[in-house]
Amino acid sequence: MNTSKKFHRFSREEWQELYRNGIPPLTEEELQEIKSLNDQISLQDVQDIYLPLTHLIRVYMKEYESLQVSKGLFIQSYQGVPPYVIGVAGSVAVGKSTTARLLQMMLSRLFKRRNVRLITTDGFLYPNAVLEERGIMSRKGFPESYDMERLIDFLDAVKSGKERIDIPVYSHESYDIVPDQIETIVEPDILIVEGINTLQLPANEQIYVSDFFDFSVYVDADPALIETWYLDRFGSLLDTAFRNPGNFYYPYAMGPREEAFEMAQRVWKTVNLKNLEEYILPTRSRADVILRKEEHHQIAEVFLRKY
């Protein structure tokens, strides 16, 4: 991995030595419940990687809150501390959803009186009907397939302290936005935003989604490894979720398995890999922390932004 001089580089062993004053705030059973399909994570990973990471986030949060108080004193008008927003980015199938859910659980238990919420940017995809109308259904997941203006408006409302904010709901069963269904976010103290596009620049805009982030994590791995994980997950879904007649991929689950995998490989090459190389990887250097995975989802290195 080619990293610039703006990152400190730590091996797994070096990183785990940075914070040893805690025990995992969850059980093995809880960990298995929150992990994504085919992701591999253990309590040892929590101990070695995520305990130091949550301690680092706590350090950043203390500085953030101190700055907000100091600004209030300076302008002689204390307005309260805006919600702390954490972004989690990375490729499809790299395991970023597991990272986001794990951070939510650990931060909820570290800050017992804080409201820690998690959203994914899937809900800000345009409905399939809109994508079809615009002729970009084959580019679903690319920047132009997201309603970035709505996502930015949502984050602005969060930072402005709006009490209740409604956001769309996305279904991985129907592969579409669910009509007339919303999720309501109520006064979060900490908001985790997970998605492939969280560090990207929206088209024709001069505002990054990451401009609203106070801390960000990029989950990284070699594209060839991610392809393997993507296809492994696809195979598991063929045997389970895709067998639901209401699932978008149901026809592939019922047809020849070889044809289904040929389709999945085409999707990886023409959509997911292209999106990764052209739009996701170029944003990696915007993250505060990069978690570098190797085989079996093992986090081997951690990169911490210097400035």
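Laboratory data are not the source of any read-out in this text; all were calculated from the coordinates shown. Treat the numbers as computed from the prediction; the structure is a model and nothing was measured. Neighbour counts are summed over all protein chains in view; Cβ atoms, including those assigned to glycine, are modelled from backbone coordinates with ideal geometry.
Here are the numbers:
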{"read-out": "Part-to-part distance (alpha-carbon centres) for segment 154-185 and segment 1-64, which is given in Å", "value": "28 Å"}
{"read-out": "Rounded FRET efficiency, nearest 0.05, which uses the C-beta distance separating residue 243 from residue 43 and R0 of 25 Å", "value": "0.20"}
{"read-out": "Hz values of 3J(HN,Hα) by residue in segment 55-62 - Karplus curve (6.51, -1.76, 1.60), Gly and Pro given as x", "value": "5, 4, 4, 4, 4, 4, 5, 4"}
{"read-out": "Given charges at beta-carbon only (K, R positive; D, E negative), |dipole| of segment 18-79 in Debye", "value": "500 debye"}
{"read-out": "Along the chain, longest interval not containing exposed GluC sites (Glu not before Pro), exposed being DSSP loop plus at most 16 other Cβ atoms within 10 Å", "value": "18-162"}
{"read-out": "Under the Karplus curve 6.51 cos²θ - 1.76 cosθ + 1.60, θ = phi - 60°, whole-Hz ³J(HN,Hα) for segment 96-110, x wherever Gly or Pro sits", "value": "5, 5, 4, 4, 5, 5, 5, 4, 4, 5, 5, 5, 4, 8, 6"}
{"read-out": "Violating pairs (Cα-Cα greater than 27 angstrom) within the set 96/159; 140/162; 5/140; 96/306; 6/269; 35/62", "value": "140/162; 5/140; 6/269; 35/62"}
{"read-out": "Residue of 79, 16, 104 that the Gaussian network model of the chain assigns the largest fluctuation, springs spanning Cα pairs under 10 Å", "value": "79"}
{"read-out": "Test item: Cα-centred dipole of the chain, Lys/Arg +1 and Asp/Glu -1 on Cβ, debye", "value": "940 debye"}
{"read-out": "CD proxy at 222 nm, helix term only [per DSSP H run n ≥ 4: -39500 (n - 2.57); per residue of the chain; nearest 500]", "value": "-10500 deg cm²/dmol"}
{"read-out": "Fluctuation leader among 260, 224, 287 - the chain, Gaussian network, Cα springs under 10 angstrom", "value": "224"}
{"read-out": "Charge dipole of segment 213-307 about the Cα centre (unit charges at C-beta), most positive-ward option of 298, 264, 282", "value": "282"}
{"read-out": "Shape call, segment 7-305: gyration tensor on alpha carbons, a/c limit 1.5", "value": "oblate"}
{"read-out": "For residue 216, residues with placed amide H under 5 Å, excluding near neighbours", "value": "87, 288, 289"}
{"read-out": "Under 5 Å, built H, 5+ apart or other chain: amide partners of residue 8", "value": "304, 305, 306"}
{"read-out": "Sites matching chymotrypsin sites (Phe, Trp or Tyr not before Pro) across segment 147-234 that sit in DSSP coil, with at most 16 neighbouring C-beta atoms within 10 Å", "value": "175"}
{"read-out": "Aspartates and glutamates with Cα under 15 Å of residue 293, excluding same-chain neighbours fewer than 8 positions away", "value": "13, 39, 45, 48, 220, 222, 227, 301"}
{"read-out": "Calculated from backbone phi, Karplus (6.51, -1.76, 1.60) coupling profile of segment 75-92 in Hz, x at Gly/Pro", "value": "8, 6, 7, 6, 9, x, 8, x, x, 8, 10, 10, x, 10, 10, x, 5, 3"}
{"read-out": "Relative contact order for the chain, counting Cα pairs under 8 Å that sit 6 or more residues apart, in percent", "value": "26 percent"}
{"read-out": "Degrees, to the nearest 10: 257-267 long Cα axis against longest axis of the chain", "value": "50 degrees"}
{"read-out": "DSSP beta bridge pairing in the chain, given as percent antiparallel to the nearest 5", "value": "45 percent"}
{"read-out": "Cα-based reach from residue 71 at 20 Å (exclusive), listing aspartates and glutamates while leaving out same-chain residues under 8 positions away", "value": "63, 156, 189, 211, 214"}
{"read-out": "Cleavage-rule hits (chymotrypsin sites (Phe, Trp or Tyr not before Pro)) in segment 48-84: DSSP loop, at most 11 neighbouring Cβ within 10 angstrom", "value": "78"}
{"read-out": "Other-chain or far-sequence residues with amide H under 5 Å of residue 120's (modelled H)", "value": "194"}
{"read-out": "Lys, Arg +1 and Asp, Glu -1 on Cβ, resulting dipole of segment 1-128 about Cα centre, debye, nearest 20", "value": "580 debye"}
{"read-out": "Cut-off of 10 Å, at most 16 other beta carbons, DSSP loop: longest stretch of the chain lacking such trypsin sites (Lys or Arg not before Pro)", "value": "163-305"}
{"read-out": "At R0 = 25 Å, FRET efficiency that the Cβ-Cβ distance of residue 296 and residue 270 yields, to 0.05", "value": "0.40"}
{"read-out": "Gaussian network model of the chain, springs between alpha carbon atoms under 10 Å - residue of 75, 57, 119 with greatest fluctuation", "value": "75"}
